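> Here you go, one structure.
The values are calculated or read from the model by the stated rules, or taken from the named source; none is laboratory data. Nothing here was measured: the structure is a model prediction, and the numbers come from that model. Counting neighbours? That spans all protein chains shown, and the Cβs are built from the backbone with ideal geometry, glycine included. Note: accessible area is taken over every heavy atom of the protein model, side chains too, but ligands, DNA and RNA are not part of it. Shrake-Rupley method; radii C 1.70, N 1.55, O 1.52, S 1.80 Å.
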Amino acid sequence: QVQVAESGGGLVQPGGSLRLSCVVSGRIFNIWAMSWHRQSPGKKREFIANVVTGGNTNYADSVKGRFTITRDYATNRVFLQMDSLKPEDTAVYFCSADVAEERGLGPIDYWGQGTQVSVSS
């Protein structure tokens, strides 16, 4: 089995910063992409950023230039540095990872339980 766990959420004032962390553990042969998504009340879950094997990154237009995704391959962690936060960034942030549990198996998408980020004065 594979577990995905996020941490680092909280309450921050507009213009502030937060750093989210996500660790993947369990039965892992290889991890392909690691991603962050978010979901606000009444809205669909939306893609925020990902980092794929090799290091290429992708961002949603809404966070480009404010958020930075990085990955630690040695510890199976991914981070999301969030700067210049706005009230509209308030959401539950989810981490996901495409994990192959054995050689020869295709990746399965695993998700964490999410961490709440609230931006308010």
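> Please verify whether Thr57 is modelled with pLDDT of 95 or more, within 11 Å of the chain's Cα centre (by Cα) and not hydrophobic (A, V, I, L, M, F, W, C), treating the condition exactly as stated. If you could, list the steps in order and put the result at the bottom.
Working: modelled with pLDDT of 95 or more: yes; within 11 Å of the chain's Cα centre (by Cα): no; not hydrophobic (A, V, I, L, M, F, W, C): yes.
The answer is no for Thr57.
> Right, something else. Among Asp83, Asp109, Asp72, which is the only one that is open to solvent by 40 Å² or more (accessible area, probe 1.4 Å), out of contact with any helix residue (DSSP H, G or I) (no Cβ under 7 Å at 6 or more places or on another chain), closer than 20 Å to Val12 by Cβ and not aliphatic (A, V, I, L, M)? Reasoning before the result, please.
Details: Asp109 fails: closer than 20 Å to Val12 by Cβ; Asp72 fails: closer than 20 Å to Val12 by Cβ.
After applying the criteria, what remains is Asp83.
> When you go through (1) over 11 Å from the mean Cα position of the chain (by Cα); (2) at pLDDT 95 or above; (3) of a type in the set (S, T, N, Q); (4) open to solvent by 50 Å² or more (accessible area, probe 1.4 Å) one by one for Gln1, which number turns out not to apply?
Among (1) over 11 Å from the mean Cα position of the chain (by Cα); (2) at pLDDT 95 or above; (3) of a type in the set (S, T, N, Q); (4) open to solvent by 50 Å² or more (accessible area, probe 1.4 Å), Gln1 violates only (2).
> May I ask you to say which residue of Arg77, Arg19, Arg27 is charged (D, E, K, R), open to solvent by 30 Å² or more (accessible area, probe 1.4 Å) and in contact with a Leu (Cβ under 9 Å, 6 or more places away or on another chain)? Break it down stepwise before answering.
Numbers: Arg77 fails: in contact with a Leu (Cβ under 9 Å, 6 or more places away or on another chain); Arg27 fails: in contact with a Leu (Cβ under 9 Å, 6 or more places away or on another chain).
Only one candidate qualifies: Arg19.
> Being out of contact with any Leu (no Cβ under 9 Å at 6 or more places or on another chain) and assigned to a loop (DSSP other than H, G, I, E, B) is the filter here, so list the residues in region 80-100 that pass it.
Scanning region 80-100 gives Ser84, Lys86, Thr90.
> Here are some conditions: (1) within 17 Å of the chain's Cα centre (by Cα); (2) among the polar types (S, T, N, Q); (3) under 15 Å from Gln116 (Cα atoms). Asn50 meets all but one. Which one does it not meet?
Asn50 satisfies all of (1) within 17 Å of the chain's Cα centre (by Cα); (2) among the polar types (S, T, N, Q); (3) under 15 Å from Gln116 (Cα atoms) except (3).
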